[in-house]
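The values are calculated or read from the model by the stated rules, or taken from the named source; none is laboratory data. What you are looking at is a predicted structure, and each value in this text was computed from that prediction instead of being measured. Cβ: placed from backbone, ideal geometry, glycine included. Neighbour counts: every protein chain shown. Areas reflect the complete protein model, heavy atoms only, side chains present, ligands, DNA and RNA absent. Shrake-Rupley method; radii C 1.70, N 1.55, O 1.52, S 1.80 Å.
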Amino acid sequence: MSGSESRGGEDPSLAYGKETPMETAIWRLRSRGCWTDAAALLAPHATEPAAALQRAALLIERCLYTEQGWADAEDALRAAEAVARTDEERGAAACERGYLAYASTLLGVRDRADEARMALGRAAALIAPDAEGRPLLDFRRGLVAQNLGDSPEAARAAYRRAHAGAAARGDSLLLSSTWRHLAGLALREGELAEARHGFAESLRIREELGYLVGTAPALTALADTETEPEAGRLRAEARRLFHLLDGVPTWLSAQLTPRTAT
């Protein structure tokens, strides 16, 4: 689930870009790391393909950020696969399966790299090139290429396709992720100015959206391109948000824990 947060709503009670109170409630819970609560709001609609898929996506995202809840995510994903009817729905479910397998492999829970590649390949066969879900699929194929396949060039090509698609569709949250990962590749190649620009754009978007759970990683990434005292200020703010969200995302702990002098 990428979350399209870019469309303005006329009702001031709605979250940025959300069109119904239900969407607003789910977004606000998700953005604060309350994925289980957000998924619970969708439980009464579990037989509807779109709701079932969104519920699975929320619980999969929880796995990636907390390294917990794998069985719940798997159950929700199987339920979404069972109610999928069209090629696009089956492709979207396959995209989520690939993402769950990717997260499991990346975080060292279980090596499911082959499953991730197969599922995303199946999704690519089912989701049309101009379909709404294609940019998210391209982004996730980039993640697999970079982090499981050690293929930065393939990852860059996938991220650029996802970036263009996200911009065209106004998917601000996905755009924040493509900015960040393209910047990460630039930093890896020593392109500091390009990396700083990409990380700054990612942070700007996430702050505008109120995506708190994704803001600390964006702050930390930007800090890696800055000098003191700005780098320290960014890390301090990231540390504040990290503690505010009870240590989520868990994998950020090592970067935000102050080093002890020896």
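With a cap of 14 neighbouring Cβ atoms within 10 Å, and only residues DSSP puts in a loop, list the trypsin sites (Lys or Arg not before Pro) found in region 163-262.
Arg259
Under the convention that each Lys and Arg Cβ holds +1 and each Asp and Glu Cβ holds -1, the size of the dipole of the chain around its Cα centre is about 300 debye. Each of Met22 and His45 was given a label point 7 Å from its Cα along the Cα-to-Cβ line. The distance between the two points is 0.3 nm.
Ordering Met22, Met118 by accessible surface, largest first, gives Met118, Met22; the 1.4 Å probe counts only protein heavy atoms, with every chain in place.
Under the convention that each Lys and Arg Cβ holds +1 and each Asp and Glu Cβ holds -1, the size of the dipole of region 16-172 around its Cα centre is about 260 debye. When the Cα gyration tensor is reduced to axis lengths a ≥ b ≥ c, the ratio a/c is 1.5 or higher for region 121-262, and with a/b above b/c it is classed as prolate.
Taking each residue as 0.36 nm, the span from Ala71 to Asp150 lengthens on full extension beyond its C-alpha to C-alpha distance by 25.6 nm. Farthest toward the positive end of the dipole of region 92-188, out of Ala183, Leu173, Ala158, is the Cα of Ala183, where the dipole comes from beta carbon charges about the Cα centre. The protection proxy used here, the mean number of other Cβ atoms lying within 10 Å of each residue, ranks peptides 250-257, 136-143 as follows, highest first: 136-143, 250-257.
Counting 0.36 nm for each residue step from Arg233 to Glu132 and taking away their Cα separation leaves a gain of 32.6 nm.
When His163, His197 are compared by accessible surface with a 1.4 Å probe, the order from highest to lowest is His197, His163.
The per residue volume of the convex hull around the alpha-carbon atoms of the chain is 137 Å³.
Computed from backbone phi, the HN-Hα couplings of region 154-163 come to 5, 5, 4, 4, 5, 5, 5, 4, 5, 4 Hz, rounded to whole numbers (Karplus: 6.51 cos²θ - 1.76 cosθ + 1.60, θ = phi - 60°; Gly and Pro given as x).
Once C-alpha pairs closer than 8 Å and six or more residues apart are averaged by separation and normalised to the residue number of the chain, the relative contact order reads 15 percent.
Hull volume per residue, based on the alpha-carbon atoms of region 192-234 and their convex hull, is 54 Å³.
When all protein chains stay in place and ligands, DNA and RNA are ignored, the 1.4 Å accessible-area order of Thr36, Thr66, largest first, is Thr36, Thr66. For Cys95, the solvent-accessible surface computed with a 1.4 Å probe is close to 10 Å², ligands and nucleic acids excluded.
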